[in-house]
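Shown next, in structure tokens, is the structure this report addresses.
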Amino acid sequence: MNDDNIIVFQQTFINRKNELEILEERFASSKPEFLVMYGRRRVGKTELVTYFLNRRKGIYFLAEEKKYMDNLNDMKEVMSNFLMDDEFKIMGFKNWVQLFKSFSERLKERTIIVIDEFPYLVRENKGIPSEFQKLWDMYLHKNNNIMLIIVGSSIGMMEELLARKSPLFGRRTAQLEIKPVDLFQAREFLPDYAMTDCIKAYCCLDGIPLYLKQFDHKLTIYENMENAFFRRDALLYSEAEILLKQEFREPANYFAILKAISFGKTKQNEIVNYTDIDKSIISKYIQNLEEIRIIRKEYPVDEKKEMRKTARYTFSDNYFRFWFRFIYPSRTLIERSSPDAIKTLKNNYNRYLGYIFEQAAKDFLWNRRPFDFGHVGRWWHKDIEIDLVALNEEFKEIFFFECKWKSLGEVDARKIILKLKGKSDFVKWNRYKRNEFFGLFAKHVENKCGLRKEGLFVFDLGDFK
């Protein structure tokens, strides 16, 4: 199979070309390598490393939530099977340092060692990072046959391992955050869907491969949503709750915060008022949600110094956004198998898609690069908002866009552009010294070519293909 079209096989492993190139480059370095790989649960980390291992000589070990010596002995068994060494199989090891020392001394060629869900080892024994510091400093960093990869879904803990205070600080040779696929890669999971329905699917599944595989591209979008979300036995019906309970011991406040944001409470004081969580402690809850990539803090795209008063919180994960907007409030109806839950979705989904369409437009700009820019994002000041603003610092060019999840006639398109030009006067970035450009995104735009001839950047779903 052509590797340039990475990769479609039994697991529907799609388009991790860049990540694989990084792994291949590190493997080919012929130097000791210590990679830290992390990303939110279900994003495809295990599929990535196992695919990489299928091409190379190495071992894969999945840590579990069990006692220190149980995990150690399980790893010894995996190593024994790899080495096919009877002497190694009967040896006793008291710690990971002894185990890796003996194993590494027996290697005769370049070998990959993957430890998946590394945070489980750390939760059981807080001294694990110090042990791995010792084994790396004393043995592995001198052994050109070693490529060690530790993988974790607990993003906060994995980033702590990279921090200055961690015993492992400065030991890694590379780190790799595995992120969800974008809209255009997600479409490969649903090859028979029109772009309209692909966006509708992306808005509830995000770019998580496991979630995308829950949809059957031979069914309609709403049939798939009903099967995947609006049934008690469906994976995606309970997934959000399970993941939050895995991450947090007391999830109630996190549920309240996420529900608030899903209903448009995006400023911290709005979240405080909606949830009744004391403002002295809510920042920590919000920070924890940021760490696991469910929400993110946004600032106006032209703001050079991040100001607390302008910050807004938004979902960085479309699955959680959708779940808290449509599933969480309707759980009683879903438990009773009431059709009213899916009716509520159908009545409100197109309106809900408006903000997500901005994300799709942003993905389009980054992927297709119809003009040069370095930054793109939303802009707001008080009650004035612009959906997307792209900045080219070098040439002092600024591009303003409105995003409308609807079909537009030429007259309506011109009205939107005219209104956008009025709002652009409030953006202070390089005022009186900049070159301004205007445009819009919509489902369909009449006379798109004529508008483009006038210097407007006009795109619709026909361009997304």
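Return yes or no: is Glu247 over 28 Å from Arg351 (Cβ atoms), under 22 Å from the mean Cα position of the chain (by Cα), crowded, with 18+ Cβ neighbours inside 10 Å and not aromatic (Phe, Trp, Tyr)?
yes
Inspect the stretch 157-178 for any residue being out of contact with any Leu (no Cβ under 6 Å at 6 or more places or on another chain), in contact (Cβ under 8 Å) with a residue 40 or more places away in the chain, among the β-branched types (Val, Ile, Thr) and not in a loop (DSSP other than H, G, I, E, B) and give the result as yes or no. Within the stretch 157-178 (the criterion being out of contact with any Leu (no Cβ under 6 Å at 6 or more places or on another chain), in contact (Cβ under 8 Å) with a residue 40 or more places away in the chain, among the β-branched types (Val, Ile, Thr) and not in a loop (DSSP other than H, G, I, E, B)), the answer is no, since none of the residues qualifies.
Rundown of residues vs (1) assigned by TED's automatic domain parsing to the domain that holds Cys403; (2) of a type in the set (Gly, Ala, Ser); (3) at pLDDT below 95, yes/no style:
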{"position": "Ile150", "(1), (2), (3)": "no, no, no"}
{"position": "Ile155", "(1), (2), (3)": "no, no, yes"}
{"position": "Leu161", "(1), (2), (3)": "no, no, yes"}
{"position": "Pro191", "(1), (2), (3)": "no, no, yes"}
{"position": "Ala201", "(1), (2), (3)": "no, yes, no"}
{"position": "Gly207", "(1), (2), (3)": "no, yes, yes"}
{"position": "Leu210", "(1), (2), (3)": "no, no, yes"}
{"position": "His217", "(1), (2), (3)": "no, no, yes"}
{"position": "Asn224", "(1), (2), (3)": "no, no, no"}
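With respect to Val301, determine if the residue is in contact with a strand residue (DSSP E or B) (Cβ under 9 Å, 6 or more places away or on another chain), surrounded by 14 or more Cβ atoms within 10 Å (Cβ to Cβ), not assigned by TED's automatic domain parsing to the domain that holds Asp197 and not in a helix (DSSP H, G or I). Here the answer is no, as Val301 does not meet what is asked. Hey, can you tell me all the residues within the stretch 236-254 that are in contact (Cβ under 8 Å) with a residue 24 or more places away in the chain and either outside the structural domain of Pro329 (by TED's automatic domain parsing) or in a helix (DSSP H, G or I) (or both)? Matches in the stretch 236-254: Leu236, Tyr237, Glu239, Ala240, Leu243, Gln246, Glu247, Asn253, Tyr254. For the stretch 307-344, a residue qualifies if it is among the aromatic types (Phe, Trp, Tyr), assigned to a helix (DSSP H, G or I) and under 19 Å from Lys362 (Cβ atoms), and the qualifying residues are Tyr319, Phe320, Phe322.
Results for (1) among the basic types (Lys, Arg); (2) surrounded by 14 or more Cβ atoms within 10 Å (Cβ to Cβ); (3) touching a residue at least 24 places away in the same chain (Cβ under 8 Å), shown as yes or no for each residue.
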site: Leu83; (1), (2), (3): no, yes, no
site: Lys89; (1), (2), (3): yes, no, no
site: Gln98; (1), (2), (3): no, yes, no
site: Ser104; (1), (2), (3): no, yes, yes
site: Thr111; (1), (2), (3): no, yes, yes
site: Val114; (1), (2), (3): no, yes, yes
site: Leu121; (1), (2), (3): no, yes, yes
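Within the stretch 123-134, the set of residues being in a helix (DSSP H, G or I) and surrounded by fewer than 22 Cβ atoms within 10 Å (Cβ to Cβ) comprises Arg123, Glu124, Pro129, Ser130, Glu131, Gln133, Lys134.
The residues of the stretch 186-205 that are under 18 Å from the mean Cα position of the chain (by Cα) and among the charged types (D, E, K, R), listed by number, are Arg187, Glu188, Lys200.
Report whether or not Ile257 is surrounded by 22 or more Cβ atoms within 10 Å (Cβ to Cβ), outside any loop (DSSP other than H, G, I, E, B), under 21 Å from the mean Cα position of the chain (by Cα) and among the β-branched types (Val, Ile, Thr). Yes; evaluated as a whole, the condition is true for this residue. Among the conditions (1) over 24 Å from Gly152 (Cα atoms); (2) among the aromatic types (Phe, Trp, Tyr); (3) under 33 Å from the mean Cα position of the chain (by Cα), Trp96 misses just one, which is (1).
Residues in the stretch 440-462 that are among the acidic types (Asp, Glu) and touching a strand residue (DSSP E or B) at 6+ places or on another chain (Cβ under 9 Å) were compared, and the one that is farthest from Gln185 (Cα to Cα) is Glu446.
The values are calculated or read from the model by the stated rules, or taken from the named source; none is laboratory data. These figures come from a predicted structure and were not determined experimentally. Reconstructed Cβ throughout: ideal geometry from the backbone, glycine too, with neighbour counts over all protein chains shown.
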